[in-house]
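Worksheet: one structure, shown below.
The values are calculated or read from the model by the stated rules, or taken from the named source; none is laboratory data. Bear in mind that the values here come from a model prediction, so they are computed numbers and not experimental data. Here Cβ is always computed from backbone atoms with ideal geometry, including for glycine, and neighbour counts include all displayed protein chains. Areas reflect the complete protein model, heavy atoms only, side chains present, ligands, DNA and RNA absent. Shrake-Rupley method; radii C 1.70, N 1.55, O 1.52, S 1.80 Å.
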Amino acid sequence: MAETIKVDIPHKLGRAAARARIDEGFGRLRQEMLGGMVKFEDTWDGDHLDFRARVMGQTVTGRLDVLDEAVHVEVDLPMMLAAIAEKLKGKLRKEGQILLEKK
């Protein structure tokens, strides 16, 4: 069965700076995936981001909302990836904290 993982990543950057960091991070992700087997799409609407990644016949979709003191992320995993949902949730939380830590 498919599964949705939800993660809240706190930050102290303010909404605009957090959104800029996330936008930059997704830009790097797109560049890394160009020419590869992954098709990646993302669309911002204000401080809300919808994204989709397709690889080997599987599609992962998600939503991200940048708030003043946190970023809320939801990722819908297909059945084949649902078994590793907790591992992916931990990685998402860790990488998100690194991206959003104050420098």
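Just to check your reading of the model, which residue among ARG30, ARG63, ARG21 is within 30 Å of LYS103 (Cα to Cα), among the basic types (Lys, Arg) and touching an Asp or Glu at 6+ places or on another chain (Cβ under 7 Å)?
Working: ARG30 fails: touching an Asp or Glu at 6+ places or on another chain (Cβ under 7 Å); ARG21 fails: touching an Asp or Glu at 6+ places or on another chain (Cβ under 7 Å).
After applying the criteria, what remains is ARG63.
Hey, can you tell me all the residues within the stretch 45-91 that are small (Gly, Ala, Ser), more than 23 Å from ALA20 (Cβ to Cβ) and over 15 Å from the mean Cα position of the chain (by Cα)? Please lay out each step first, then the result.
From the stretch 45-91, those small (Gly, Ala, Ser) are 46, 53, 57, 62, 70, 82-83, 85, 90; that's our starting set.
Filter once more, keeping what is more than 23 Å from ALA20 (Cβ to Cβ): 57, 82-83, 85, 90.
Residues satisfying the conditions are GLY57, ALA82, ALA83.
Could you list, in sequence order, all residues of the stretch 48-83 that are open to solvent by 50 Å² or more (accessible area, probe 1.4 Å) and in contact with a helix residue (DSSP H, G or I) (Cβ under 6 Å, 6 or more places away or on another chain)?
ASP68
Test THR43 against the stated conditions and say whether it is exposed (fewer than 12 other Cβ atoms within 10 Å of the Cβ), in contact with a Phe, Trp or Tyr (Cβ under 9 Å, 6 or more places away or on another chain) and either among the basic types (Lys, Arg) or part of a strand (DSSP E or B) (or both). Please lay out each step first, then the result.
Working: exposed (fewer than 12 other Cβ atoms within 10 Å of the Cβ): yes; in contact with a Phe, Trp or Tyr (Cβ under 9 Å, 6 or more places away or on another chain): yes; either among the basic types (Lys, Arg) or part of a strand (DSSP E or B) (or both): yes.
Yes, satisfied.
How many of the residues in the stretch 50-60 are assigned to a strand (DSSP E or B) and out of contact with any Pro (no Cβ under 9 Å at 6 or more places or on another chain)? Give the derivation first.
Keep residues of the stretch 50-60 that are assigned to a strand (DSSP E or B), which gives 50-55, 58-60.
Subsequent filtering for residues that are out of contact with any Pro (no Cβ under 9 Å at 6 or more places or on another chain) retains 50-55.
Result for the stretch 50-60: 6.
Going through GLU95, GLU32 one at a time, which residue ends up being open to solvent by 40 Å² or more (accessible area, probe 1.4 Å), within 16 Å of the chain's Cα centre (by Cα) and at pLDDT below 90?
Values: GLU95 fails: at pLDDT below 90.
None of the others qualify; the one that does is GLU32.
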